[in-house]
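The values are calculated or read from the model by the stated rules, or taken from the named source; none is laboratory data. All values reported here derive from a predicted model rather than from experimental measurement. No Cβ is skipped: glycine too gets one built from the backbone with ideal geometry, and neighbour counts run over all protein chains shown. Heavy atoms of the whole protein, side chains included, go into the accessibility calculation; ligands, DNA and RNA do not. Shrake-Rupley method; radii C 1.70, N 1.55, O 1.52, S 1.80 Å.
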Amino acid sequence: MKIGVVVHGPEIVDSGHARKFLDFLEDYGTVRARLGGTMGRTAVIDAHLEDRIDINQKLFPSQSVDKFNQEKCDVIFIINYGKSSVTGHAFGYKVYSNSKGRPPLIQMERPGEEDGSVVAWREDLQELAEDISIKMGLKTMLPEKIKENLFKEDPCQEVPTEGSDVSICRKIAGVSPDENIFVNGIVIGKSTSSEVAIIAENGRITQLIGGELKEHGVEKLGAVKLEKAIVKTGLLRKSKVKPRILTSHKSNPKFSVSYLNHAAEDIYRLKNSDMVVTVGDDTTLVAADILYRFNVPIIGITDGDLDKVVAEGFKAKGSLIVELESGWDDLVGERIFLELFNYKETIEIENIENFKRKLLQIISNMTKQYQVKYN
């Protein structure tokens, strides 16, 4: 049997269950695995699993499923460790709905937990799902029951239908109060209840039912197709882990410096840089943590508006954080992007310390209200 495995999120890797499941499936046939999503990459690296789980492409979970389906896999597993069975099953439902052509998909959700389950998203896979659930000590869940639970209470039903051609309401399942709400990697607000929904009008998020909208986050996000967006809640990575640092062999006598503005989930394309300038508190936190694995220091331009998106953040030696007054990070970042980068994502320089001095001089010329924190 030709088996494809889509590994989603850091928790399934950090818990050790990704490795165990890949070993387990070897008895069923030939197994190939790839990542679906982005935040799981650091977990795969830390677990020394990059030779078994393909992390080279940035693919949404449904895109990874589609890729295996195009490769004619007999069965595709998506393995996930949601913070609750509700969020996990909602995720599986969304992946299957967004995949093309009814793929042969089985989900393994929260193994090791009392509510851990196996879901055959296509009826003809039920027998295989039950066999696996028995051997792994998990429950089986029927898709019909999951859909019934997901749509039992829907805050979107309370939203007026006027202008429905341009308005979209999306319920977020399994939210707890006081959690970050991410849309495509950007924090757009915080929950105040367990019944949360996002409303977008003309492609722009305008309301967070059951939560407080973060206007600055919405501005950073810009236009969005809400029905297709990746929505997450809570922490992007909550496990406390020992990060693995990869060695690199750079031969270029010059140094490459890259610029990253509010897009931390794209950070892996910059892993070969010698330094990265990051703009925004959460972008800086996540980028520094990821780039620590590649021994790449950062210069973070922040304003103290931190949403704390990972449990622990690491920074490579030589990093520094500049903390400005509220709202100044974008203004200063834009000036640095113009004067030092000439609006290019990556530039080459001869001396990193000279670059740091020039950057701090630009900030000093704009405002005296800032602090520099060295690592």
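Rolling a 1.4 Å probe over the protein heavy atoms leaves residue 373 with an accessible area of roughly 100 Å². Projecting the Cα positions of 173, 314, 370 onto the charge dipole of the chain (unit charges on Cβ atoms of Lys, Arg, Asp and Glu, taken about the Cα centre) puts 314 furthest along the positive direction. Model label sites at residue 151 and residue 30, defined 7 Å from Cα along the beta-carbon direction, differ in position by 4.0 nm. Taking the chain as the reference, fit the longest principal axis to its C-alpha atoms, fit the long axis of helix 328-339 to the helix C-alpha atoms, and give the angle between the two in degrees, 0 to 90, nearest 10. Roughly 70 degrees between the two axes.
If you plug the beta carbon distance of residue 126 and residue 351 into 1/(1 + (r/R0)^6) with R0 = 56 Å, you get a FRET efficiency near 0.30. By its C-alpha gyration tensor, with a ≥ b ≥ c as the square roots of the eigenvalues, how is the chain shaped: rounded for a/c under 1.5, else prolate for a/b larger than b/c, else oblate? Note, shape of the chain comes out oblate.
The packing ranking, built from the mean of other Cβ atoms within 10 Å per residue, places the peptides 223-229, 7-13 in the order 7-13, 223-229, highest first. Close amide H pairs (under 5 Å, H built 1.01 Å from N) link residue 54 with 33, 34, 35, residues at least 5 positions away or on another chain.
Take the chain with all the other protein chains still there, run a 1.4 Å probe, and you get 48 Å² of accessible area per residue. Would you compute the Debye intensity of the range 77-232 from its alpha-carbon atoms alone, equal scatterers and no solvent, and pass along log10 I(q)/I(0) at q = 0.10, 0.14, 0.16, 0.20 Å⁻¹ to two decimals? The Cα Debye sum returns log10 ratios of -0.40, -0.74, -0.92, -1.23.
By the Cβ rule of 4.7 Å, the chain holds the following cysteines without a possible disulfide partner: 73. The accessible area of residue 259, taken with all protein chains in place and a 1.4 Å probe, comes to roughly 20 Å².
If I compute solvent accessible area with a 1.4 Å probe over the protein chains, what percent of it on the chain is carbon and sulfur? About 47 percent, which is the carbon plus sulfur part of the accessible surface. The alpha carbon gyration tensor of the range 73-121 gives principal lengths a ≥ b ≥ c with a/c of 1.5 or higher and a/b no greater than b/c, which makes the shape oblate.
Backbone phi angles across the range 194-210, fed through the Karplus curve with coefficients 6.51, -1.76 and 1.60 (θ = phi - 60°), yield HN-Hα couplings of 9, 10, 10, 9, 10, 10, 10, 10, 6, x, 10, 5, 10, 8, 10, 5, x Hz in residue order; Gly and Pro are listed as x.
Annotation: extensible slack from residue 193 through residue 142 equals 15.6 nm (criterion: 0.36 nm per residue apart, minus Cα-Cα distance). Around the amide H of residue 192, modelled in the peptide plane, lie the amide H atoms of 178, 211, 212, all under 5 Å away and 5 or more residues distant in sequence or on another chain.
Name the shape class, rounded, prolate or oblate, that the alpha-carbon gyration tensor gives for the range 1-139, where a ≥ b ≥ c are the square roots of its eigenvalues, rounded holds for a/c under 1.5, and otherwise prolate holds if a/b is larger than b/c and oblate otherwise. Verdict is rounded for the range 1-139. Quick one: check the C-alpha center-to-center distance for the range 22-39 versus the range 48-120, whole angstrom. Going from one Cα centre to the other spans 10 Å.
Using 0.36 nm per residue and subtracting the Cα-Cα separation, the extra length available between residue 113 and residue 72 on full extension is 11.6 nm.
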